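The values are calculated or read from the model by the stated rules, or taken from the named source; none is laboratory data. The model shown is predicted, which means the values in this text are computed figures rather than measured ones. Heads up, the Cβs are rebuilt from the backbone with ideal geometry, glycines too, and the neighbour counts pull from every protein chain shown. Please note that ligands, DNA and RNA were not included when accessible areas were found on the heavy atoms of the full protein model with its side chains. Shrake-Rupley method; radii C 1.70, N 1.55, O 1.52, S 1.80 Å.
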Amino acid sequence: MARKFIRQVLANLGVRHFYEAENGRLAAELLNDTAVDLVVTDYNMPEMDGQALIEFIRTQSWQKSVPVLMVTSETNNSRLAAVEELGVVGMCDKPFEPATVRALLARLLAGS
């Protein structure tokens with residue numbers, strides 16, 4: 001349900017090409033073979049959580065510098081701080097407002 005919602009928000013913002021993974025492990029596998037411009041992830045996922053996925057991206061992926069946006073309901077501040085240190089471009093709390101995602105993407109695009 002959350003993936004469907006974020007996909008709709010991104011589509012409304014003009015994003016046209018999507019790849020989806022059911023869990024963090026499948027996302028890591030997808031990133032091994034597919035170039036992407038942005039990764040949107042949750043913290044809490046089966047098989048590989050968002051922190052482990054971002055660690056994989058930053059240390060093992062050939063796409064080490066890809067921007068990562070985290071959309072999450074995680075409330076543990078130490079976990080969230082660890083994710084921020086890994087280099088996410090932004091974090092949105094669930095439920096989130098589309099304007100929040102729009103602002104984060106605008107900031108990302110302005111920096112590139």
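In table form, for the structure just shown:
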item: Cα-projected label distance for T75 with K94, points at 7 Å along beta-carbon direction, nm; result: 1.4
item: The chain: relative contact order as a whole-number percent, Cα under 8 Å and 6+ apart; result: 22
item: Per residue, in Å², the accessible surface of the chain once ligands and nucleic acids are set aside, probe 1.4 Å; result: 61
item: Cβ-defined net charge surrounding V15, 12 Å radius [Lys, Arg +1; Asp, Glu -1]; result: +2
item: Accessible-area composition of the chain, carbon plus sulfur, in percent [1.4 Å probe]; result: 51
item: Local electrostatic count, Q60, Cβ distance below 14 Å [Lys/Arg +1, Asp/Glu -1]; result: 0
item: Separation in nanometres of the label points that stand 7 Å from Cα toward Cβ, at A106 and R58; result: 2.7
item: Residue with peak Gaussian network fluctuation, the chain [Cα springs, cutoff 10 Å], from T100, T72, T41; result: T100
item: Radius 12 Å from Cβ of L30, net charge of other residues (Lys, Arg +1; Asp, Glu -1); result: -3
item: S65-H17 pseudo-label distance in nm [points 7 Å out on the Cα-to-Cβ vector]; result: 1.9
item: Highest-MSF residue in the chain out of F18, F56, F96 [GNM, Cα springs under 10 Å]; result: F18
